[in-house]
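Participant: Quick one: structure below, then a few questions.
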């Protein structure tokens, strides 16, 4: 467990020791950077609830590397062996980052559960994994003890206590235990999907996939060691430690980005001269509105990134005003838990080239694929595809199912053979060309245009199948979302395929939502807009909703199944 004396002093210098890791383990990147820049801050963790100036606990890279060595040695000393599965249930903090890298160094499979997915989903996911133990805060350990019969294999349990606010006493690097050798194909983590289109599934990550992710992201965006990042999503704090980037932990609940206090974010960005910030579209909607109203310019900002779902154009416009003033760029990368990253596009290209097409029903452009990432469009099917040769590839401009081959794509779902067979397409030709031997089916529909840009048209499960043909959710919603009275919208289908009735559910902008006359006018205007276009003329029912139900991870993916049940009651 973390006690007050487990961090080194500020004058620590990493000695040469046997605690070095092969490059297949992403934790080796932390160790390598610590050897080069031991005194660079790795984590700035806020203390208390101060607004400005915020007080931080600083952990350097040298200290973090030493701390994670000691925690890994503690795990090994307790009898934990490589391949064991330990649930990590710790809030986003220094402790979260330190324990994640300690688990990686010890060869343990870290099970990462999003606490926002709901109690029933959490217990179901944990029972499915059958963990060998829990590394968790006291409250979680108390619940585990009460439910010990549900986790009979959980014998290695460590209670994580908060670090002391002041810098602890110095300690030496452990020399007694050797860290295990790790291969690229060894399992590293089980991360659960958000469950926005079904029950959450455990995605099995291998060590080599994490290394590939960090490399692709760092190279594509030109992220340099020594930069300072404010990540609104905890997993990006882990990438930072591997890339030599300082993590400023934001004062927010990462499971509720739509409720973030933008004052806390702007204060931290200014105080720490943040060069990069990441958040979901819901995060940037709040922060972008704040900056749009007050017009401060974060000093030193190089890039802002948003992912987790399609980024609405009004969010792109607001944030782009912020970043363009500072000569930065706002990127909207596309990917999924099973395959990240896939493609990316910047705000300048969106606003100058693709936004106008989105407003006319072309879908959302998610940019060009990353180097080493291959994207293809195939005829959509609900059945497993036994080999890539059995898939029919579609030409440019034709909407179909998006598939990806990438060194960072995950190979399987944990203990979900059926789900794996549906999501993966074997490709025996891959290894001979130095490529992976499978493609991942993203579960999305879209198309590649003549210039090689990838366009996202929605989830395959969200296509509305009518008697007159399919309606693609994101294509239709882009038309209505351009209305100034619309905050966001969701196309749903009522009834059985292929005779579904399309219904558009709209969440109005706050000013419209408070005015009944404005609401009536909005519905009439949207019905006229729908009737005027070939793509949307079959949409004849529009409902207003005060707050569309969204996923718990990014607060942006709309729960259309719940919305359909709600709409049936309204109609």
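Participant: What is the Cα centroid distance between region 353-383 and region 199-254, reported in whole angstrom?
Facilitator: Cα centroid to Cα centroid, the span is 24 Å.
Participant: Pick the calculated volume of the Cα convex hull per residue in Å³ for this structure from (i) 143; (ii) 200; (iii) 155?
Facilitator: It is the value labelled (iii).
Participant: Work out, step by step, the length gained on full extension between residue 514 and residue 568: first 0.36 nm times the residue separation, then minus their alpha carbon distance; give nm to one decimal.
Facilitator: Separation in residues times 0.36 nm, less the Cα-Cα distance, equals 17.1 nm.
Participant: Quick one: which of 514-522, 72-80 comes out on top by average Cβ neighbours within 10 Å, and what's the full order, highest first?
Facilitator: Going by the mean number of other Cβ atoms within 10 Å, highest first, we get 72-80, 514-522.
Participant: Roughly speaking, what is the stretch gain from residue 317 to residue 292, that is 0.36 nm per residue apart minus the C-alpha to C-alpha distance, in nm to one decimal?
Facilitator: 8.0 nm
Participant: By counting other Cβ atoms within 10 Å of each Cβ, how are 252, 269 ranked from fewest to most?
Facilitator: Ranked by crowding around the Cβ, least crowded first: 252, 269.
Participant: Moving on to the next point. Could you give the length gained on full extension between residue 461 and residue 382, defined as 0.36 nm per residue of separation minus the Cα-Cα distance, in nm?
Facilitator: Value of the extension gain: 27.5 nm.
Participant: Roughly speaking, what is the centre-to-centre gap between region 46-88 and region 417-486 when only Cα atoms are used, to the nearest Å?
Facilitator: 38 Å
Participant: Fewest to most neighbouring Cβ within 10 Å: what's the order for 210, 233?
Facilitator: By the 10 Å Cβ count, ascending: 233, 210.
Participant: Distance between the C-alpha centers of region 526-569 and region 267-296? Whole Å please.
Facilitator: Using only Cα atoms, the two centres lie 29 Å from each other.
Participant: Another question about this same structure. What percent do you get for the relative contact order of the chain when only Cα pairs under 8 Å and 6+ apart count?
Facilitator: 11 percent
Participant: Now for a separate question. Give the percent of DSSP beta bridges with both residues in the chain that are antiparallel, rounded to the nearest 5.
Facilitator: Percentage antiparallel, nearest 5: 65.
Participant: Arrange 442, 84 by Cβ neighbour counts within 10 Å, fewest through most, would you?
Facilitator: Ordered by Cβ neighbours within 10 Å, fewest first: 84, 442.
Participant: Let me ask another. Compute the helix-to-body angle for 27-36: its Cα long axis versus the longest principal axis of the chain, expressed 0 to 90° and rounded to tens.
Facilitator: With rounding to tens, the tilt is 60 degrees.
Participant: A further question on this structure: Given Cα pairs under 8 Å that are at least 6 residues apart, what percent is the relative contact order of region 439-571?
Facilitator: So the answer I get is 17 percent.
Participant: Here's a follow-up. Which value does Rg/Rh take for region 463-570 over its C-alpha atoms, Rh per Kirkwood?
Facilitator: Answer for region 463-570: 0.94.
Participant: Now for a separate question. Calculate, for residue 499 and residue 521, the FRET efficiency according to 1/(1 + (r/R0)^6) with r their C-beta to C-beta distance and R0 30 Å; round to the nearest 0.05.
Facilitator: 0.40
Participant: Another one. Measure nothing fancy, just the Cα-based angle from helix 560-570's long axis to the longest principal axis of the chain, in degrees from 0 to 90, nearest 10.
Facilitator: Once rounded, one gets 40 degrees.
Participant: Give me the angle, in degrees from 0 to 90, between the Cα long axis of helix 94-105 and the longest principal axis of the Cα atoms of the chain, rounded to the nearest 10.
Facilitator: 80 degrees
Participant: Rounded to the nearest 500, what is the chain's calculated 222 nm mean residue ellipticity when only DSSP H runs of at least 4 contribute -39500 (n - 2.57) each, over all residues?
Facilitator: Using -39500 (n - 2.57) per qualifying helix, the result is -9000 deg cm²/dmol.
Values in this text are rule-based calculations from the coordinates and carry no lab data. Please read all numbers here as calculations on a predicted model, not as lab measurements. Using ideal geometry, Cβ is built from the backbone for each residue, glycine included, and neighbour counts are taken over all protein chains shown.
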